[in-house]
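The values are calculated or read from the model by the stated rules, or taken from the named source; none is laboratory data. Computed from a predicted model, the values in this text were never measured in an experiment. Cβ atoms come from the backbone with ideal geometry, glycine included; neighbour counts cover every protein chain shown.
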């Protein structure tokens, strides 16, 4: 029996193909429905009109419940043993879809391909894998965020089933909190973002948790060197109500307890996702999602670092007739951090949080197959505690709130056979909330910040136009503007769990960006290869950074230690993919330049932004040797990262001090790394599949810079030295997965 | 590292204590050379007591320091003026009352990698005032070992307990500059400082930052101001020449680094006896 995986966009719905149970359908665009094709099932047979399978590909025509016929391209994966999570493909990843997509820079992530890339310590990490694509870059080795087109990680909006996730990372950023087993669909918007998204001046990652199978139960468990995870799903009420739960926990601390010296060291994380999916009728679908992640690093009786996300959302999708869809989302999310230290008679603690409650309504009208109009509204309450310091008996706190509202209108459609238009505008209104219920400030010997009210209105036009040169080639242009009212103020070059967050206020203005982009996309007739080239220019206003010498602990009044300015970025992105055959993969190259100009920093001159990387190259290859063996490899090259290094040194009170003539005036050495992995698959029992995965990170042991600093060196003739620390040496891993 | 070539920047380190004034004027050293701390003796330095109006001209000693026996008086504000090479660098500082060091203690604390000797310095703080800042300095056998700026945010009932990590227990694993061995004489000094001075010291311990400027500059043709990026500066091509391969146009600015601190110094000492400390 063959297994097939859907690899092409479905026009009427986002459908993901699973291979167990019977077939079912759904229309929710944000939450794909499972779609199973057991060839021996009568019910399915009646729905499948034609199925012409070959060894590697096939087409399936399906009569949907709406009595329309859809033809899908499917690819044979291997013989049927059990549904494997690795086969969860996100719709729209096919070359044809990429070529046909109107929106420039929108990338429907092929999760099944992404998780085939080499694993870090046995963990598939979608965020890490995503950085192998053109225009997307890791913040650095060991950093958890991703950067897109000159923006930094905190300027991205990460949405999971409608809830916003802030800094979703584990172990200070080594892993993301995205458990690959939990995710069914993800789309990254690098260029103009759809009007239904706001609050991000760089990119939007829109992801969905996988819904449970409504027909039968499935599960999987994985044990790796660092962590273990499990997931289970199945029906609660057949064809009506299903659930899906995933959980992951690290257990490094269990090994540490075996070593007397490290017995007091705690280092663990966990994340849990749960989704309940209810389909009361063919026209309605309701799902409830919950996400929780938590990191705990501590030394018993001395210090502790804790941070985590909690989020929940309720989504209701209703279809009215052939033309109307209503998508309603209520969501709440919370990001908290907590740092503690007790040493002799000194007790210190710092806590922060971002709380975000929102209600979102989208109304989508499709008068004909080629035209879609959307109107929507969103209201969102933001509450940000930028810092609460408890030092012995002293208490300091800064807490602010804001009310963010938005209306949007957009149109997507074909103007004629050549031109396709995507255009809209988002109107955003942000109000600073005042009063004791919404604000609080206590400090020792600090001036009271401006806590007065303010309201900001912004119109954010979004525009995209595609011109079809032929069925296989087209040109696209896009313009998009967006604003952001949560500002992460970072002490380091990369995202840190304890970054402080400023909320737009009477002093801090909404961050704005506008991006202009143009591109070309093409593919071969058989879709075996596709390629793209895009150029962009992004202008950013009201970006904030710490004043020179200030750190996150300098003042509780955050606004007194930050400065606002401008940023700009421009670049070229090239990408080519091989989609079909035993050997698949892609190569990507990004040439970019990103600069900042903040009055009060660098003598008010433009300087290379900390996230400026001139060259970014990725090679990714996946080789399907047999039904049992799969191999993958990735090689990355990043040119050096800007570094503020001293030009000269001097001595004060016997200590060496450094003088820096300019911000980011130097560059670190370049980063490059080869990662490889191999997976052995077998079916030990009926309905069971096992996978034994081996991985090797940094296969040729190149020590890339993670941190560079300067220190005294008594053995050096100069008395000082530059020290480079690397995140990864040679990192082997092994993990074992059993699925049913 | 291929460091940029920039012109030397003057460095002024000036203190006025209850025992007298001492000023050194040096210049920055390129990163690829050893610091020589060669004293510049071509400056004219005056110290003015703003309350009494008395002005003292400091003279150089055999070591190249500018000194004066003028003693700082609590509550008086002093202005230091350093004139050199056509520029005058000025800073003011107010002499505050000395603190009392209550205790200096060591305790071994278990870190993930080893036990570390934690030094705790306890000293008095005026509970009637807020925003007091202090500079805690540690010397090992008379040589500079570590420093830590601290504010009264952590004061409890007029007492501040400042902790600092020092040496590891496994001395074979410790760097020479952090090593403390049995019998070392550890001396601690506590000096009240201004908030600006506190910010400057914090900046010096933060990679990539210079901190606020503590001097203003009057140059021959240009009125100086507080510069950004950590040094006082004023743009004046007449008094500063650039090397041809300088990479930064802002290097044309006249700059100065360092501080002037009028403050009493309180010291206390302890002998490092690792086996005698709690937690050994």
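In the condition set (1) over 30 Å from the mean Cα position of the chain (by Cα); (2) in a strand (DSSP E or B), residue A:255 is compliant with all but (2). If a residue must be in contact with a strand residue (DSSP E or B) (Cβ under 7 Å, 6 or more places away or on another chain) and either over 26 Å from residue A:652 (Cβ atoms) or buried (at least 19 other Cβ atoms within 10 Å of the Cβ) (or both), how many such residues does segment B:125-145 contain? Number satisfying all stated conditions: 11.
Residue-wise test of (1) within 14 Å of chain A (Cβ to nearest Cβ); (2) at pLDDT 95 or above; (3) touching a helix residue (DSSP H, G or I) at 6+ places or on another chain (Cβ under 8 Å); (4) surrounded by fewer than 17 Cβ atoms within 10 Å (Cβ to Cβ).
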{"position": "B:6", "(1), (2), (3), (4)": "yes, no, yes, no"}
{"position": "B:11", "(1), (2), (3), (4)": "yes, yes, no, no"}
{"position": "B:16", "(1), (2), (3), (4)": "no, yes, no, no"}
{"position": "B:23", "(1), (2), (3), (4)": "yes, yes, no, no"}
{"position": "B:31", "(1), (2), (3), (4)": "yes, no, no, no"}
{"position": "B:66", "(1), (2), (3), (4)": "no, yes, no, no"}
{"position": "B:77", "(1), (2), (3), (4)": "no, yes, no, yes"}
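If only residues of segment A:377-393 that are more than 17 Å from residue A:406 (Cα to Cα) and under 30 Å from the mean Cα position of the chain (by Cα) are counted, the one that is farthest from the other protein chains (Cβ to nearest Cβ) is A:383. Going by the conditions given, is residue B:146 without any contact (Cβ under 8 Å) to a residue 40 or more places away in the chain, closer than 29 Å to residue B:179 by Cβ and at the interface with another protein chain (Cβ under 10 Å from one of its Cβ atoms)? Against the criterion (without any contact (Cβ under 8 Å) to a residue 40 or more places away in the chain, closer than 29 Å to residue B:179 by Cβ and at the interface with another protein chain (Cβ under 10 Å from one of its Cβ atoms)), residue B:146 qualifies. Within segment A:333-348, restricting attention to residues that are in a strand (DSSP E or B), surrounded by 17 or more Cβ atoms within 10 Å (Cβ to Cβ) and out of contact with any helix residue (DSSP H, G or I) (no Cβ under 8 Å at 6 or more places or on another chain), the residue that is farthest from the other protein chains (Cβ to nearest Cβ) is A:333.
Select from segment A:472-486 the residues that are touching a residue at least 60 places away in the same chain (Cβ under 8 Å) and either over 26 Å from the mean Cα position of the chain (by Cα) or over 16 Å from residue A:103 (Cα atoms) (or both) and list them in ascending order.
Going residue by residue through segment A:472-486, those that are touching a residue at least 60 places away in the same chain (Cβ under 8 Å) are A:472-474, A:476-480, A:482-486.
The answer is A:472, A:473, A:474, A:483, A:484, A:485, A:486.
Taking segment A:617-703 and the strands (runs of 3 or more DSSP E) fully enclosed by it, the elements with 3 or more residues that are facing chain B (nearest Cβ under 10 Å) and at pLDDT 90 or above are at A:648-652, A:655-659. Might you let me know whether segment B:30-39 holds any residue that is under 19 Å from residue B:194 (Cα atoms) and not in a strand (DSSP E or B)? No, that holds for no residue.
Looking at A:281, A:242, A:293, just one residue is closer than 25 Å to residue A:123 by Cα and modelled with pLDDT of 90 or more, and that residue is A:293. Scoring residue A:603 on the criteria (1) part of a strand (DSSP E or B); (2) within 14 Å of chain B (Cβ to nearest Cβ); (3) in contact with a helix residue (DSSP H, G or I) (Cβ under 9 Å, 6 or more places away or on another chain) leaves a single failure, condition (1).
Does residue B:138 count as closer than 18 Å to residue B:108 by Cα and modelled with pLDDT of 95 or more? For residue B:138, the condition - closer than 18 Å to residue B:108 by Cα and modelled with pLDDT of 95 or more - is met. Taking segment A:390-406 as the range and being in contact with a helix residue (DSSP H, G or I) (Cβ under 9 Å, 6 or more places away or on another chain) and surrounded by fewer than 22 Cβ atoms within 10 Å (Cβ to Cβ) as the test, the residues that pass are A:391, A:392, A:393, A:394, A:396. Per the listing A:431, A:437, the residue uniquely out of contact with any helix residue (DSSP H, G or I) (no Cβ under 9 Å at 6 or more places or on another chain) and under 30 Å from residue B:130 (Cβ atoms) is A:437.
Residues of segment A:574-600 that are within 14 Å of chain B (Cβ to nearest Cβ) and not in a strand (DSSP E or B): A:598, A:599, A:600. Only residues that are modelled with pLDDT under 85 and either away from every other protein chain (no Cβ under 14 Å) or part of a strand (DSSP E or B) (or both) were counted in segment B:201-223, giving 5.
Under the condition of being touching a helix residue (DSSP H, G or I) at 6+ places or on another chain (Cβ under 6 Å) and modelled with pLDDT of 80 or more, the residues counted in segment A:118-145 number 5. Among the candidates A:585, A:564, A:581, the residue that is surrounded by fewer than 20 Cβ atoms within 10 Å (Cβ to Cβ) and touching a strand residue (DSSP E or B) at 6+ places or on another chain (Cβ under 8 Å) is uniquely A:564. As for segment A:542-549, it holds no residue that is under 29 Å from residue A:192 (Cβ atoms), away from chain B (no Cβ under 14 Å) and surrounded by fewer than 18 Cβ atoms within 10 Å (Cβ to Cβ).
Report yes if some residue within segment A:408-418 is outside any strand (DSSP E or B), within 14 Å of chain B (Cβ to nearest Cβ) and at pLDDT below 95; otherwise report no. First the steps, then the outcome.
Restricting attention to segment A:408-418, the residues satisfying the condition of being outside any strand (DSSP E or B) are A:415-418.
Of the ones still in play, those that are also within 14 Å of chain B (Cβ to nearest Cβ) are none.
Looking through segment A:408-418, none of the residues is outside any strand (DSSP E or B), within 14 Å of chain B (Cβ to nearest Cβ) and at pLDDT below 95.
Results for (1) closer than 30 Å to residue A:367 by Cβ; (2) within 14 Å of another protein chain (Cβ to nearest Cβ); (3) over 24 Å from the mean Cα position of the chain (by Cα), shown as yes or no for each residue.
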site: A:222; (1), (2), (3): no, no, no
site: A:247; (1), (2), (3): no, no, no
site: A:271; (1), (2), (3): no, no, no
site: A:279; (1), (2), (3): yes, no, yes
site: A:300; (1), (2), (3): no, yes, yes
site: A:312; (1), (2), (3): no, no, no
site: A:321; (1), (2), (3): yes, no, yes
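Note on segment A:437-490: residues that are part of a loop (DSSP other than H, G, I, E, B), buried (at least 16 other Cβ atoms within 10 Å of the Cβ) and modelled with pLDDT under 95 total 7.
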